[in-house]
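Any read-out appearing in this document is the output of simple, stated calculations on the displayed coordinates, not a laboratory observation. None of the values given here were measured: they were computed from a predicted structure. Neighbour counts run over all protein chains shown; Cβ positions are idealised from the backbone, glycine included.
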Amino acid sequence: MQNRPLSNRISTGWIPLGAAGAAVVLWGCLPALRLMIGDQPPFLTATIALVAAAVMETLRSWVVVLRHPELDTGHRPLSFGRGLGLALGLIGAIGFYFIGLDRAPAAQVTLITYVWPLMFVMASEVLDTGRLRALAICGGAVAFLGSAVLILGTGSGAVTADRVMGYAAGLLSGLSWVVYSLMLKRGGQLGPDAWPRIFTLAAVGAGLCHFALEPVALTFDPRGFAVAAAIGLGPYGIAFIAWAYGVAKGPSRTVGTMAYGVPVVATALLASIGATELTWKLLLGATLVMGGIVIASRNDEFGMRLLSLIPRRLRRTAP
């Protein structure tokens, strides 16, 4: 069998995984950055972040096209429907996540939100093969058990209606991530001129949500504005582009499961600045969530090894 050139192996292997890994680290910084903003409304924060991302991507796309005109060709044109769908995915992923962080403990919300890689893997399997593996179902059960531990074991505080709304917002953020990632995977790679339009559409939508759903901010907070802009440039600018490249070019199962590293990074940062306490319930819930995602991502050979641990006499009676 003829080996592929090294450059091809790198571009189709390590570079997409490296891009997805960089996005994971940037997203892990989000809860700590959100704490620096204070009481700024969630959708206002999302609007500022998306405007900053749109400006950055506009400048980047100009530079890319000027230096490499050939990169502006060969991509599927961005239709209005796909652009609107991706923009709505961004609004949901960002806005609901910030709502969750405002209403419930940051570490738990982040872990619940990042059950979405499991949902992405399961949805991809159903769309690709028309069926769902037993390991995916088993992993899903373990991960959602971990989510229950996180919700019920919130430490010193009771499970209030406000916290439940925060956890629900975190889950909605995760579902938005699934839709966004599936649209990226199924629609082909985007050209450099597509991202400014997507971020601009998302910024307009987030701004409308702010005016419609939140008290309009009448004062200017330089610190909150600066941190929100930094979020737009990093976690919701560079990270989204890197993730899009990883999803489009890398293996769905591997790239999807990399995202379970976000809660690890986020929880470590929150603990390092004293913003969360590493209780045994938090660690147990995190272990179950991430363990379930790992189980669901494993291949059928791994499942056969697990099955081999069951005595043959019992396997005959299994359904």
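Viscosity 1.306 mPa s, temperature 10 °C: Stokes-Einstein D of the stretch 154-224 from its Kirkwood Cα radius, in µm² per second?
101 µm²/s
Given the alpha-carbon gyration tensor of the stretch 209-286, what are the semi-axes of its equivalent ellipsoid in whole angstrom, ordered largest first, with each equal to the square root of 5 times an eigenvalue?
Listed largest to smallest, the semi-axes of the stretch 209-286 are 28, 23, 13 Å.
With viscosity set to 1.002 mPa s and temperature to 20 °C, compute the Stokes-Einstein D of the stretch 90-151, Rh being the Kirkwood radius across alpha carbon pairs; µm²/s, no decimals.
In µm²/s, the coefficient rounds to 167.
Where Rh is the Kirkwood radius over the Cα pairs of the stretch 152-280, the temperature 37 °C and the viscosity 0.692 mPa s, what D in µm²/s does Stokes-Einstein return?
Calculated translational D: 185 µm²/s.
Could you go through the stretch 99-110 in sequence order and give the Karplus-derived ³J(HN,Hα) for each residue, using 6.51 cos²θ - 1.76 cosθ + 1.60 with θ = phi - 60°, rounded to whole Hz, and x for Gly and Pro?
Values, residue by residue: 4, x, 5, 6, 10, 9, x, 4, 5, 5, 4, 5 Hz.
Please rank D102, D162, D39, fewest neighbouring Cβ atoms within 10 Å first, as an exposure proxy.
In increasing order of surrounding Cβ atoms, one gets D39, D162, D102.
Kirkwood hydrodynamic radius of the stretch 81-201 from all distinct Cα pairs, in Å?
Across the stretch 81-201, the inverse of the average 1/r is 15.5 Å.
So if I take the centroid of the Cα atoms in the stretch 113-138 and the same for the stretch 196-238, what is the distance between those two points in Å?
Distance between centres, Cα-based: 32 Å.
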